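Notes follow the structure.
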Amino acid sequence: LYSHMQAIIGLFRRGYTGKTDTLNLLIDLLEASASASPMPQPQPEGHDRRKVVRYRGLTVGVCTPGDTEDEVRENRDFFEQHACDVGVTAARSWGRTHWVMHDFAKRRGARMIWVKKRVVDGAFAEANLQQARELLALVEQEAAQRAVPREASPAF
């Protein structure tokens, strides 16, 4: 087992608010960026996936299921099994799905970053893509932090 995970990003909200679709778009953005290829065709609506992508030197796991404690536990196990530096998971608004990830983050020395899924009337696809891009920016921040040595101190 590895001992350190850098960050876990939890996308939370009640069911049927587009968490799965947003995380599927994040997977597509990660894969397109990592392979310098165009965006793939979108996944069918509500299609759950667990995927690992190498991105800017990080092993990034993205898990779209997260409405139940059991699903979040499977996501946690997936992150651990694949030695992810950054994990991104769906979760409900509060309760057991949060506690599982908080405990895992604490045990792995990882930052826990919660992002509330935005709900927009009308332009769902555009809103989901925008939020997927914001999640990608969080992953990029983690990659940038990895590039900076932790023990470095400023020179005076």
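The values are calculated or read from the model by the stated rules, or taken from the named source; none is laboratory data. Computed from a predicted model, the values in this text were never measured in an experiment. Note that we place each Cβ from the backbone using ideal geometry, even for glycine, and neighbour counts take in every protein chain shown.
Rundown of residues vs (1) part of a loop (DSSP other than H, G, I, E, B); (2) at pLDDT 95 or above; (3) in contact with a Pro (Cβ under 6 Å, 6 or more places away or on another chain); (4) surrounded by 14 or more Cβ atoms within 10 Å (Cβ to Cβ), yes/no style:
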site	(1), (2), (3), (4)
R73	no, yes, no, yes
R118	yes, no, no, yes
G122	yes, no, no, no
Q131	no, yes, no, yes
V139	no, yes, no, yes
E151	yes, no, no, no
P154	yes, no, no, no
Within segment 100-116, residues in a strand (DSSP E or B) and of a type outside the set (A, V, I, L, M, F, W, C) come out as R111, K116
How many of the residues making up segment 95-127 are in contact with a strand residue (DSSP E or B) (Cβ under 9 Å, 6 or more places away or on another chain) and in contact (Cβ under 8 Å) with a residue 40 or more places away in the chain? 14
Flag if A127 is over 21 Å from T17 (Cβ atoms) and hydrophobic (A, V, I, L, M, F, W, C): no
Pairs with Cβ under 6 Å, 6+ apart, first in segment 62-90 and of a type in the set (D, E, K, R), second part of a strand (DSSP E or B) and surrounded by fewer than 24 Cβ atoms within 10 Å (Cβ to Cβ): D85/L58; D85/T59
Flagged in segment 87-115 as among the small types (G, A, S), surrounded by fewer than 22 Cβ atoms within 10 Å (Cβ to Cβ) and closer than 12 Å to F12 by Cβ, in numbering order, are S93, G95
